[in-house]
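Sharing a structure with you now.
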Amino acid sequence: MHPIQLFDSESSTFTYLLYDPQGSEAVIIDPVDRQSQRDLQQLERLNLKLTYIFETHVHADHVTSAGRLRQLTGAKTVVPGGCGVGMADVQLHDGDVINFGLDEQIRVLHTPGHTAGSMSFVWRDNVFTGDALLIDGCGRTDFQSGSAE
């Protein structure tokens, strides 16, 4: 079972759809604001129910469709704790585990750098790092609580 990787060329952002092959539940990581329709179409195509919407980090240029997806699907929003997103359903902390589907789980790792609250998510043999790690580099560390240290 592999994640479904979706790309937004305008923001150069990856979104990931993970699902339980034995059930019908799915989670999405870092959904992009202008791609909610694309993401909903993927869920419908695979006959999946979205249960969680994960964000790896929060700052001004990380524009998300989490609120819209939550409104349309009833899925819970999941954000790094301490990022000031009080309206989220779940505030994540290092070491948390989120279960979905029949037997799937996502482990949470605090991976500061891009932002102080950045989180990475481990699912099966995959790690989703947001902007903490990029191909040939890492996300900017020079604004909104980022730190190269």
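Tell me the net charge near residue 104. Cut-off is 14 Å between Cβ atoms, residue 104 excluded, with +1 for each Lys or Arg and -1 for each Asp or Glu.
Values: positive: 49, 107, 124; negative: 20, 25, 103, 125.
Once positives and negatives cancel, what remains is -1.
Would you tally the net charge around residue 90, using a Cβ to Cβ cut-off of less than 12 Å, leaving residue 90 out, and scoring K and R as +1, D and E as -1?
On the way: positive: 70, 76; negative: 55, 89, 96.
Once all neighbours under 12 Å are counted, the net charge is -1.
What are the residues whose amide H is under 5 Å from the amide H of residue 65, where those residues sit 5 or more places off or on another chain and H is modelled from the backbone?
Result for residue 65 returns 32, 33.
Using a 1.4 Å probe on the protein chains only, how many percent of the accessible area of region 6-79 belongs to carbon and sulfur? Let's see the in-between values first.
On the way: 1570 of 3620 Å².
It is 43 percent, rounded to a whole number.
Hey, rough spin-label estimate for residue 9 and residue 122, points 7 angstrom out along Cα→Cβ, what's it come to in nanometres?
3.6
The values are calculated or read from the model by the stated rules, or taken from the named source; none is laboratory data. Keep in mind the model is a prediction, meaning the values are calculated, not measured. Reconstructed Cβ throughout: ideal geometry from the backbone, glycine too, with neighbour counts over all protein chains shown. The accessibility values were calculated without ligands, DNA or RNA, using every heavy atom of the protein model including side chains. Shrake-Rupley method; radii C 1.70, N 1.55, O 1.52, S 1.80 Å.
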